[in-house]
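The values are calculated or read from the model by the stated rules, or taken from the named source; none is laboratory data. Bear in mind that the values here come from a model prediction, so they are computed numbers and not experimental data. Cβ sites come from the backbone with ideal geometry, for glycine too, and all protein chains shown count toward neighbours. The protein model used for the area step is the full one, side chains on, heavy atoms only, and it has no ligands, DNA or RNA in it. Shrake-Rupley method; radii C 1.70, N 1.55, O 1.52, S 1.80 Å.
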Amino acid sequence: MQLRLFSFALVILNCMDYGHCQGARWRRSRRGCRIENCDSCFSKDFCTKCKVGFYLHRGRCFDECPDGFAPLDETMECVGCEVGHWSEWGACSRNNRTCGFKWGLETRTRQIVKKPARDTIPCPTIAESRRCKMAMRHCPGGKRTPKAKEKRNKKKKRKLIERVQEQHSVFLATDRASQ
């Protein structure tokens, strides 16, 4: 029974998406249709054509298309980019490390299942991040000693002096050339 219903649903979806219906063969009368603003139903709960001024989206009629979908005025349907389910949240990390900081970011993603028919229709976001507290603030064996910090500061200072000296020599060269 489930297989037959699934096969039947695929035929209907094919019919709606690609226009393979054979005229009145799939069309049912308005009588018995429970969908508001529907002009023609396939079943009591699935509309195939809405009344004038309404857009068809997944068997229902809307005066405006839902978020992430755009109205296609030629067919009065809502079309858009379909995305899958969100993945689980990833590990909390910062600078590709899972330790050494108090706060980090965790991310989750989803895939585009169906690209929009037109490039003007935007897809909803496929990745999102949120702030998280790191599981381990200090990395094992990764304690910084005061000497390491001093060494880093000396290196920064040396680079700064080199940049200033280079800028000064360029200035002197342009000053001499202009005289």
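Please find, among Asp73, Asp39, Asp45, the residue that is under 29 Å from the mean Cα position of the chain (by Cα) and among the charged types (D, E, K, R).
Asp73 is the lone residue from the list that is under 29 Å from the mean Cα position of the chain (by Cα) and among the charged types (D, E, K, R).
Scan the range 59-68 for residues that are surrounded by 13 or more Cβ atoms within 10 Å (Cβ to Cβ), free of Cβ contacts under 8 Å to residues at least 24 places away in the same chain and either among the charged types (D, E, K, R) or not in a strand (DSSP E or B) (or both) and jot them down. Talk me through it step by step, then tell me what you get.
Start the filter on the range 59-68 by keeping residues that are surrounded by 13 or more Cβ atoms within 10 Å (Cβ to Cβ), which leaves 59-62, 65, 68.
Restricting the remaining residues to those that are free of Cβ contacts under 8 Å to residues at least 24 places away in the same chain gives 62, 65.
Within the range 59-68, Cys65 is the sole residue that qualifies.
Kindly indicate whether any position in the range 39-56 is open to solvent by 90 Å² or more (accessible area, probe 1.4 Å) and closer than 30 Å to Asp119 by Cβ. Working first, answer last.
So in the range 39-56, the residues open to solvent by 90 Å² or more (accessible area, probe 1.4 Å) come out as 44, 49, 52.
Subset that is closer than 30 Å to Asp119 by Cβ: 49, 52.
Yes, the range 39-56 contains at least one residue that is open to solvent by 90 Å² or more (accessible area, probe 1.4 Å) and closer than 30 Å to Asp119 by Cβ.
Would you point out the residue of the range 120-162, among those that are more than 27 Å from Asn95 (Cα to Cα) and at pLDDT below 85, that is farthest from the chain's Cα centre (by Cα)?
The residue in question is Thr120.
Looking only at residues in the range 94-129 that are without any contact (Cβ under 8 Å) to a residue 24 or more places away in the chain and farther than 27 Å from Asp67 by Cα, which one is surrounded by the most Cβ atoms within 10 Å (Cβ to Cβ)?
Among residues in the range 94-129 that are without any contact (Cβ under 8 Å) to a residue 24 or more places away in the chain and farther than 27 Å from Asp67 by Cα, the one surrounded by the most Cβ atoms within 10 Å (Cβ to Cβ) is Asn95.
What do you reckon, is Pro116 at pLDDT below 80 and not aliphatic (A, V, I, L, M)?
Here the answer is yes, as Pro116 does meet what is asked.
Can you say whether Leu5 is open to solvent by 70 Å² or more (accessible area, probe 1.4 Å), aliphatic (A, V, I, L, M) and either at pLDDT below 90 or touching a strand residue (DSSP E or B) at 6+ places or on another chain (Cβ under 7 Å) (or both), as far as the supplied structure shows?
When the stated conditions are applied, Leu5 passes them.
Residue-wise test of (1) at pLDDT 85 or above; (2) assigned to a loop (DSSP other than H, G, I, E, B); (3) of a type in the set (Lys, Arg); (4) more than 22 Å from Arg110 (Cβ to Cβ).
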| site | (1), (2), (3), (4) |
| --- | --- |
| Val52 | yes, yes, no, yes |
| Ala70 | no, no, no, no |
| Val79 | no, no, no, no |
| Glu88 | yes, yes, no, no |
| Ala91 | yes, yes, no, no |
